[in-house]
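Reviewing the structure listed below.
The values are calculated or read from the model by the stated rules, or taken from the named source; none is laboratory data. Remember, predicted model here, so these are calculated numbers, not experimental data. Counting neighbours? That spans all protein chains shown, and the Cβs are built from the backbone with ideal geometry, glycine included. Remember, those area values only see protein heavy atoms, side chains included, never the ligands or the DNA or RNA. Shrake-Rupley method; radii C 1.70, N 1.55, O 1.52, S 1.80 Å.
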Amino acid sequence: MGGGRRPRNTEERILKTIAIVLILLGSGLLVMSLFPAREIVRQVHQKNRAAWQLLGALIILFLAGYVVYGGYLLRHPAAVHDVIAATIMLGGGIFVAGVVAATRRSIVLVRELAEKERFRALHDELTGLPNRMLLQDRLDHAILMAKRMREPMAVVFMDLDRFKEINDTLGHHYGDYLLQEVAARFRGAVRATDTLARLGGDEFAVILPGVDTVQAAKVAMKLAAALDRPFSVEGHSLSVGVSAGIAVYPEHGDDSELLMQRADVAMYVAKRNDIVYALYHPDEDQSSVNRLILVGQLREAIAGSGLLLHYQPKISLRDGSLCGVEALIRWQHQSRGLIPPDEFIPIAEQAGLIRPLSHWVIDHALAQNASWRRHGYRMPVSVNLSVKNLQDTNFPDVLFDLLNRWNASPDDLVLEITESTMMTDPARVQHVLDRLVRAGLKLSIDDYGTGYSSLAYLRRFPALEIKIDKSFVLDMITNEDNAVIVRSTIDMIHTIGRQVVAEGVEDDATLARLEELGCDCLQGYHICRPLPAEEIEKWLATTSWQVKRLSSPHSCDRK
């Protein structure tokens with residue numbers, strides 16, 4: 001009998017153990033369905049007190065279940081099968097409930113991911129602003145509302161000034177941070193009902209419901225004013241401006257694509273004319289097309305042979321000698337003839353062509369200087385620099401390479417910069433100029449009197465000479481105010497130990513008067529018009545002015 005009872009006891013103990021395990025497993029599943037395991041683990045990892053308390057309660061629950069159920073089953077062996085069946089049913093139900101709950105959580109997660117992807121597709125990742133796609137969608141809606149309400153609405157396109165130089169010079173890290181800060185300031189300058197978007201790069205746009213041309217112009221000025229205060233980026237003080245173009249419904253178009261195109265045209269008009277904003281005008285469409293054509297043709301001219309240099313001599317009044325020539329770029333256009341620099345230099349600056357253009361000018365000027373040295377003439381060549389050159393920290397290296405290429409010494413080149421250039425981002429400009437001066441290059445301040453530089457700044461600025469703008473010289477004989485300005489400027493410049501060059505000398509009377517005032521050098525049509533290099537050589541052979549000759553035709557060449 002005893003031998004037959006042992007298997008029965010063994011069977012009952014196995015069944016009891018299975019039942020207890022299933023009960024505990026079912027209880028665990030029930031708890032986990034109420035409190036997700038991943039969340040419990042996360043809270044425990046973060047040392048959340050409540051999570052530790054919950055975990056302790058679960059352990060006590062498991063132990064209590066084991067004691068209670070285990071004791072019950074030991075006292076009521078016949079209930080083992082019923083408990084197993086009930087546990088299996090409970091476990092199955094909890095499993096199904098867990099699957100349903102997990103499915104619901106998965107659906108919620110998929111919806112959240114889809115919403116995030118939708119947001120990313122319609123918004124700029126860097127600034128969080130609507131992108132071009134969402135802007136056009138909202139512009140379509142704004143136009144429909146304007147039609148329904150019979151009221152105007154405006155769209156403003158904006159392009160940042162001087163951003164490219166900052167991005168190229170300091171790197172994309174600074175550029176990205178600056179764009180985020182600009183976006184934040186723009187947000188503060190528009191209404192909650194307006195749509196501010198980033199179109200890409202340094203271009204932004206804003207939709208202004210219920211706004212006419214006058215109100216849109218005020219908003220453009222407000223957006224520009226938001227950038228007046230410099231940005232501080234990791235210890236750097238950075239300044240950017242904005243050029244804005246405005247198109248208004250229904251005056252300038254009645255669909256989104258047309259309004260966006262015309263706001264873009266107006267924006268380039270503002271940038272080209274260096275003004276804060278411009279309203280769209282139909283005449284500008286053809287002008288914009290012509291500009292795009294010119295940009296492409298200018299790029300080809302730089303790479304090819306469409307550009308040329310003319311040279312205008314500068315004469316010393318002290319001994320009547322030729323003290324140098326200024327290189328002036330010209331564009332020999334195939335259909336338009338000779339295009340003056342005032343027309344295409346701004347286009348080059350706006351289209352990002354000023355660096356290759358400046359490289360071309362300096363390269364060809366030094367090549368001509370080397371040719372003159374081989375023929376025995378000592379004529380330093382002056383070249384004009386753009387503010388973008390002086391904001392480029394790589395510019396000195398490019399210049400030094402060109403000097404080496406043509407075996408030129410620093411005395412063979414004079415760099416002319418405008419007065420306004422000095423006041424644009426002075427710290428960075430000064431850094432570039434310091435490198436040039438340390439290398440022995442000479443600087444000249446061009447168009448003096450048209451900017452805002454102070455005497456104190458001029459005293460610190462490492463310029464060899466200062467050129468009085470021709471607008472003061474041309475009529476100084478008949479205009480007493482200009483005569484006073486020229487006289488006082490010459491005295492002031494001599495006081496700080498600089499040489500004075502007067503531009504725009506076109507007659508004997510002006511020359512004689514400047515000589516009386518102690519001007520150092522002259523430049524103008526009365527001396528010589530700007531001429532191609534070969535005609536300059538003819539002028540050198542016939543002029544009464546003294547031309548400095550080298551003791552040896554090759555004495556300035558450096559091998």
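Probing with 1.4 Å while keeping every protein chain in the model, the per residue accessible area of the stretch 435-524 equals 45 Å². If you plug the beta carbon distance of residue 543 and residue 335 into 1/(1 + (r/R0)^6) with R0 = 30 Å, you get a FRET efficiency near 0.25.
Each label point was placed 7 Å from the Cα along the Cα-to-Cβ direction; for residue 494 and residue 184 their separation is 5.5 nm. Spacing of the modelled spin labels on residue 393 and residue 60, each 7 Å from Cα toward Cβ, amounts to 6.5 nm. If a spin label sat at a point 7 angstrom from the Cα of residue 515 along the line to its beta carbon, the backbone N atoms of the stretch 289-317 nearer than 14 Å would be those of 315-317. Remark: the Cα gyration tensor places the stretch 213-296 in the oblate category, a/c being 1.5 or greater and a/b not exceeding b/c. Placing R0 at 22 angstrom, the Cβ-Cβ distance between residue 191 and residue 273 gives a FRET efficiency of 0.20 after rounding to 0.05.
Length available on full extension from residue 177 to residue 308: 0.36 nm per residue minus the Cα-Cα distance, which gives 43.0 nm.
Sparsely packed loop sites in the stretch 173-255 (the GluC sites (Glu not before Pro) outside DSSP H, G, I, E and B with at most 16 other Cβ atoms within 10 Å) comprise 234, 251. What's the long-distance tail for the stretch 141-193, i.e. % of Cα pairs beyond 16 Å? Within the stretch 141-193, distances greater than 16 Å cover 59 percent of Cα pairs. Full extension of the segment from residue 439 to residue 321, taken as 0.36 nm per residue of separation minus the current Cα-Cα distance, would add 39.8 nm. Per the Debye formula on identical point scatterers at the alpha carbon atoms of the stretch 454-514, with no solvent, log10 I(q)/I(0) at q = 0.12, 0.21, 0.22 Å⁻¹ is -0.29, -0.80, -0.86. Note on residue 507 and residue 431: the model spin-label points, each 7 Å out from Cα along the C-beta direction, lie 5.0 nm apart. Using only alpha-carbon positions in the stretch 120-168, the gyration tensor eigenvalues give semi-axes of 29, 16, 6 Å once each is multiplied by 5 and square-rooted (largest first). Computed over the alpha carbons of the stretch 231-371, Rg followed by Dmax gives 20.3, 69 Å. As a fraction of the 1.4 Å probe accessible area of the stretch 163-268, surface on carbon and sulfur atoms comes out at 49 percent.
As an exercise, identify the trypsin sites (Lys or Arg not before Pro) in the stretch 304-407 lying in DSSP coil whose Cβ has no more than 13 other Cβ atoms within 10 Å.
Values: sites: 314, 318, 330, 336, 373, 374, 378, 388, 405; in loops: 318, 336, 378.
Qualifying residues, ordered by number: 318, 336.
How do 138-144, 238-244, 262-268 rank on mean C-beta neighbours within 10 Å, highest first?
Taking the mean over residues of other Cβ atoms within 10 Å, the ranking is 262-268, 238-244, 138-144.
Counted residue by residue at 0.36 nm each, then reduced by the alpha carbon distance between them, the extension gain from residue 147 to residue 105 reaches 10.7 nm.
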